[in-house]
Amino acid sequence: MTSPQSPASGRYPAGSAAFPHRDLTGLAGLAPWEILFLLDEAEQWVALNRQPQKRSERLAGLTIINAFFENSTRTLLSFEIAGKRLGADVVNMQAAQSSVKKGETLIDTAMTLNAMHADAMVIRHQSSGAVRLIAEKVDCPVLNAGDGQHEHPTQGLLDALTIRHAKGDFGGLRVTICGDILHSRVARSNIHCLTTLGAEVRVCAPPSLMPAEIEALKVTPFHDFDAALKGADVVMMLRLQQERMSGQFIPSPREYRHLYGLTLDRLAKAKPDALVMHPGPMNRGVEIDSNVADLPGRSAITTQVEMGVAIRMACLDVLTRRSRGVEGWA
Amino acid sequence: MKDLAPLAILNGRIVLPEGEPARGGLRCEGDRIVAVGPDVAAQEGDRVVDARGALIAPGLVDLGVFAIDKPAFHFGGITRAALMPDQGTVLDKPAAVRFAAQSGKPDLWVHPLAAATKGLEGTELAELALMRDAGARAVATGRRWIGDSGAMHRLLSYGAMLDLVVVTHAEDGGLAGQAVATAGEMATRLGLPAAPAQAEALAVARDLMLAELTGARLHFRQVTTAAALDLVRSAKARGLAVTAGVTPAHFMLSDVALGDFRTFNRLSPPLRSEADRRAVRAALADGTIDVIASGHDPRGPEDKRLPFTDAEPGMAGAETLLPLTLGLVRDGVIDTARAFRLLAANPAALLGVRAGTLAVGAEADVALIDPDRPWVVDSDKMAAAAGNTPFDKQGVEGRVLRLFKGGQEVG
C-alpha cells in the first residue's frame with residue numbers, strides 16, 4: 001500500500017473555515033472538503049504512530065473524557081490511545097461502573113461530566129441521537145463514538161482513510177457494503193462519507209436487514225451478494241450481531257453465510273485487486289471466512305485499526321483548536 | 001351551588017351546524033341554552049355579555065386526553081374532556097371511573113373512557129356495564145391495540161350489546177413492535193426503529209371486519225395514513241357505525257419534523273410521510289374523519305429530555321387544538337361549521353352527551369373566540385402541566401376570549 005500525497009493546498013479554506021463545527025456527531029451533511037481536511041490532518045498521525053517515539057504534546061494539559069454508555073473494547077481503546085499520544089489526560093467512564101445504573105438520567109450524567117471541565121467528550125450510547133442530545137447541553141466539543149443505529153463518524157473516516165491509502169482517489173470507486181445495514185451506524189457513516197467523496201456505494205443485505213428508502217441516501221440496494229460484488233473496488237463486510245442471527249432476522253448463521261458470507265469464491269467476483277474491509281469484531285466463518293479476512297495484500301482489516309487511532313487523534317486535535325487558541329481557530 | 005341570573009351573550013357571530021356563522025346571540029337559564037338566534041335579546045335581570053363580534057361557539061369536547069389539565073383545557077376552550085383509561089390507576093373499575101367522572105366539576109366535565117380490558121392488558125374484559133353505570137361514556141383499548149383477535153371480537157360484541165362506542169388505537173402490534181417512527185427516508189437517516197405505515201391499515205382492516213361482524217360502534221381515535229383512511233371511507237359507504245379521529249399533529253406535520261431527534265415530535269402513532277399528511281387533510285375535507293382531538297398528554301423533561309427512542313410519546317395539545325383546526329378553515333380545507341362539528345358536535349354525539357352544539361336545550365358550554373387573533377406558541381409559557389408541544393415558537397391564529405361551562409364563566 002502506498003502513502004498518499006501530502007495535503008494539497010487550496011482543497012479547503014484556511015483556518016477554522018476548514019472545519020467550522022464544534023462537535024463531530026455525524027458525517028451526514030459535511031462538505032467534501034471538511035471530510036478531506038480531517039483525512040489529511042490524520043496523515044501526520046499515521047506517520048507518527050509508525051515511529052518508535054509516538055508522543056506529541058499537542059493536547060498537553062487538556063482533559064478528555066471518554067463516556068461510554070454502551071460496552072466497547074476496541075473503540076474505547078483506540079480513543080484512549082489517541083488522546084494519550086497527543087499528551088492529554090484521558091479519563092474513561094463506562095456505563096457498567098457509572099451512576100447510570102443508579103437511575104441518573106443521561107442529561108444529569110452529562111452535566112456532571114461537564115462540571116468537571118472536560119476539554120472534549122467522546123461519547124458512545126445505545127440510542128440514536130443521544131450524542132447530539134448531550135452535545136446540546138455541554139460546553140465542550142463532543143465526539144460521537146457511536147450512537148445507536150445512527151452514526152459512527154470516526155469509523156466512517158478511518159474507513160475512508162484506509163481506502164485512500166490503498167486506492168488513492170475516491171472518484172469512480174465502487175464500494176460494496178454488505179451485512180446488517182438496518183441496524184448499522186457504521187454503514188450509515190460510511191454511506192454519507194463515501195458518497196460525499198464521490199464513490200459509488202452499493203449496499204447488500206437480506207430484506208429483513210435493509211432499511212426503508214435507503215436509495216434516498218444515494219446508494220444502490222442489492223439482495224444478491226454476487227451481483228453486488230461485480231466490479232467492486234472495495235468490499236466492506238459488517239458484523240452480524242449474535243442476537244440477530246437466529247430466527248428473527250435471518251434463519252441461522254449458516255444460512256446467512258450461504259447467502260452473504262464473503263468466501264474466496266465470492267471475492268473473485270469483485271475486481272482482482274478489491275480491498276476487503278471489516279470494522280470488527282469479526283464472526284469468522286459467518287460473514288467472512290478466515291482465509292479472506294487474513295488474505296495478504298487484500299485484507300485491510302488491521303490497517304483499519306491503525307487508521308482509527310490516527311483519525312481519532314486528528315479529530316481530537318481539530319475539535320480542540322478553538323479552546324487551545326490555535327491561530328486561525330480562536 | 002347558588003342559582004345565577006340568566007346569561008345573555010349578544011352581538012356575536014353564532015357558529016351554526018351548517019354554513020357560515022350568523023350575527024346574533026343566545027340566552028341561557030341555569031345550565032341550559034334557552035334561546036339562540038339573530039333576535040335574541042336580554043331580559044331584565046340577565047347577566048349580559050357583549051361578544052363584540054366574536055365567534056360564539058360551543059365549548060370544545062376533547063375525545064381522548066391522557067391527563068386532566070384544567071388550565072390548558074380552559075385556555076383552549078375545552079369544556080368537556082374524555083379521559084383515556086391509561087391513568088396511574090387504570091380506569092378498569094367502577095370506583096376509579098366514578099372518581100374520574102367527578103374530578104373536573106364544576107368548570108370542566110370529565111367523561112371517563114372505561115378500560116376495555118383489565119389492566120389494559122388486552123386479554124380479559126373489564127366490567128364494562130358497571131363502569132358505564134358509574135359514568136363511563138365509552139370504552140377504550142388505551143394506548144395500544146388489542147392484538148388478540150378473539151379478545152377484540154368478544155369486546156366488540158359486548159360493547160355492541162351495551163351500545164357503548166369502542167375507542168381503539170389502530171396500530172398492528174406485531175408490525176409496530178418497538179418502532180418509534182414510520183419506516184422511510186427520515187427513520188433510515190436517523191437510525192430510528194421504524195415500522196411500515198401499513199401497520200395502521202392492517203389494524204383498521206381487522207377491526208372493521210370485527211365491527212361489521214358484531215354491529216359494534218367503533219371509533220378509531222387516530223387514523224393517520226392514506227391506506228387506513230381509504231378503509232374507513234369505504235366502511236362508511238357500506239353503512240358501518242365507524243368513526244375516525246385525528247390530532248392536529250398529523251395534519252400539520254410529517255416525519256420530516258423528526259430531524260434533530262426532537263422528542264416533542266415523538267408521538268403515537270408516529271408522524272407519517274408527507275403523502276399521508278395530505279391524505280389526512282383530504283379526509284378532513286371529505287368527511288371521512290369525524291373528530292379532531294388534542295390527544296393532550298403533558299410530559300415533563302423526565303419523559304422527554306431523553307434520547308428519541310427512550311422518550312415517551314405524546315404532546316401537550318389542548319392549547320393548540322383550536323387555532324390549528326381554525327388553520328384548516330383559513331386554508332379552505334373545511335368551513336367554520338365543520339370545524340366545530342369536528343371539535344365539539346361529533347365527539348359529543350359519540351359520547352352521548354347533550355353538548356357540542358348551540359341548540360336550545362343543550363348544556364350552556366359556550367366559548368367566545370376571536371378566530372383571527374395571532375399569538376405565538378411558546379413551550380416555556382404554556383398553561384399546560386408541561387410544554388411538550390411540537391409547535392413551539394410557531395405563530396397561530398385563534399384565541400378563546402371567554403369561556404362558559406353550564407352558563408357559568410370559567411377562570
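The values are calculated or read from the model by the stated rules, or taken from the named source; none is laboratory data. In this text the structure is predicted, and so the values were computed from the model without any measurement. As a convention, Cβ positions derive from the backbone with ideal geometry for all residues, glycine included, and neighbour counts pool all protein chains shown. Surface areas here come from the heavy atoms of the whole protein model, side chains and all, with no ligands, DNA or RNA. Shrake-Rupley method; radii C 1.70, N 1.55, O 1.52, S 1.80 Å.
Using a loss threshold of 50 Å², tell me which positions in segment B:269-311 are less accessible in the complex than in their chain alone. Probe radius 1.4 Å, ligands and nucleic acids ignored. Output list: B:ARG305, B:PRO307. Per-residue 3J(HN,Hα) values for segment B:91-100, derived from phi via the Karplus relation 6.51 cos²θ - 1.76 cosθ + 1.60 with θ = phi - 60°, read 7, 10, 9, x, 5, 5, 5, 4, 4, 5 Hz in sequence order (x marks Gly and Pro). Restriction of the trypsin sites (Lys or Arg not before Pro) in segment B:1-109 to DSSP coil positions whose beta-carbon has at most 13 other beta-carbons within 10 angstrom yields B:LYS2, B:ARG52.
For chain B, the share of DSSP beta bridges that are antiparallel, to the nearest 5, is 45%.
Around B:ASP62, under 13 Å between beta carbons, what's the net of Lys plus Arg minus Asp minus Glu among the other residues?
With Lys, Arg at +1 and Asp, Glu at -1, the neighbours total 0.
Taking the convex hull of the alpha carbon positions in chain B and averaging its projected area over all directions gives 18.4 nm². Placing +1 on each Lys and Arg Cβ and -1 on each Asp and Glu Cβ, with no other charges, gives segment A:209-330 a dipole about its Cα centre of roughly 260 debye.
Across chain A, C-alpha contacts under 8 Å between residues 6 or more apart give a mean separation that, scaled by the residue count, equals a relative contact order of 19 percent.
Taking Lys and Arg as +1 and Asp and Glu as -1, the other residues whose beta-carbon sits under 10 Å from that of B:LEU403 total -1. Evaluating 6.51 cos²θ - 1.76 cosθ + 1.60 at θ = phi - 60° for every residue in segment B:370-379, the Karplus couplings come out as 9, x, 9, 5, x, 7, 10, 5, 9, 3 Hz, glycine and proline recorded as x.
Note on the protein assembly as shown: along the principal axes its Cα atoms extend 101, 57, 46 Å, ordered by decreasing extent. For segment A:207-253, the fraction of alpha-carbon pairs lying more than 14 Å apart is 63 percent, rounded to a whole number. The H on the amide N of B:SER294, modeled in the peptide plane, is under 5 Å from the matching H of B:LEU63, each at least 5 residues off or on a different chain. Mind checking which lysines have their C-alpha under 25 Å from B:LYS304, skipping anything on the same chain fewer than 8 residues away? Filter leaves A:LYS101, A:LYS102, A:LYS137, B:LYS70, B:LYS381, B:LYS393.
Provide the per residue accessible area, probe 1.4 Å, for segment B:254-384, rounded to a whole number of square angstrom. Spell out each step's value before the answer.
Details: 4170 Å² over 131 residues.
Accessible surface, normalised per residue, equals 32 Å².
Would you look at the GNM of chain B, springs on alpha carbons closer than 10 Å, and say which of B:ASP290, B:ASP276, B:ASP260 moves the most? Residue with maximal mean-square fluctuation among B:ASP290, B:ASP276, B:ASP260: B:ASP260. Of the accessible area of segment B:301-411, computed with a 1.4 Å probe over protein heavy atoms only, carbon and sulfur atoms account for 46 percent.
If you plug the beta carbon distance of A:ALA47 and A:SER252 into 1/(1 + (r/R0)^6) with R0 = 51 Å, you get a FRET efficiency near 0.65.
Close amide H pairs (under 5 Å, H built 1.01 Å from N) link A:ALA145 with A:ILE123, A:ARG124, residues at least 5 positions away or on another chain.
Residues in chain A average 40 Å² of solvent-accessible surface per residue, probe 1.4 Å, ligands and nucleic acids excluded. What's the whole-number percent of alpha carbon pairs in segment A:77-212 lying beyond 27 angstrom? Roughly 32 percent, once rounded to a whole number. Within a Cβ distance under 14 Å of B:GLY173, other residues only, what is the Lys/Arg minus Asp/Glu net charge? Its environment carries a net charge of -3.
Most tightly packed first, judged by the mean number of other beta-carbon atoms within 10 Å of their residues, the peptides B:125-131, A:254-260, B:392-398 read B:125-131, A:254-260, B:392-398. A crude spin-label estimate for the pair B:GLU302 and A:ASP139, with each label 7 Å from Cα along the Cβ direction, gives 2.8 nm. Straight-line reach from A:LYS84: taking Cα to Cα under 25 Å and skipping same-chain neighbours fewer than 8 places apart, the lysines in range are A:LYS54. Normalising the average separation of contacting C-alpha pairs (under 8 angstrom, six or more residues apart) by the number of residues puts the relative contact order of chain B at 19 percent. In order along segment A:18-31, the Karplus-derived 3J(HN,Hα) couplings, from 6.51 cos²θ - 1.76 cosθ + 1.60 at θ = phi - 60°, round to 5, 8, x, 9, 6, 10, 10, 9, x, 9, 4, x, 6, 6 Hz, and Gly and Pro are given as x. Summing both sides, the accessible surface hidden between A and B at a 1.4 Å probe radius is close to 1600 Å².
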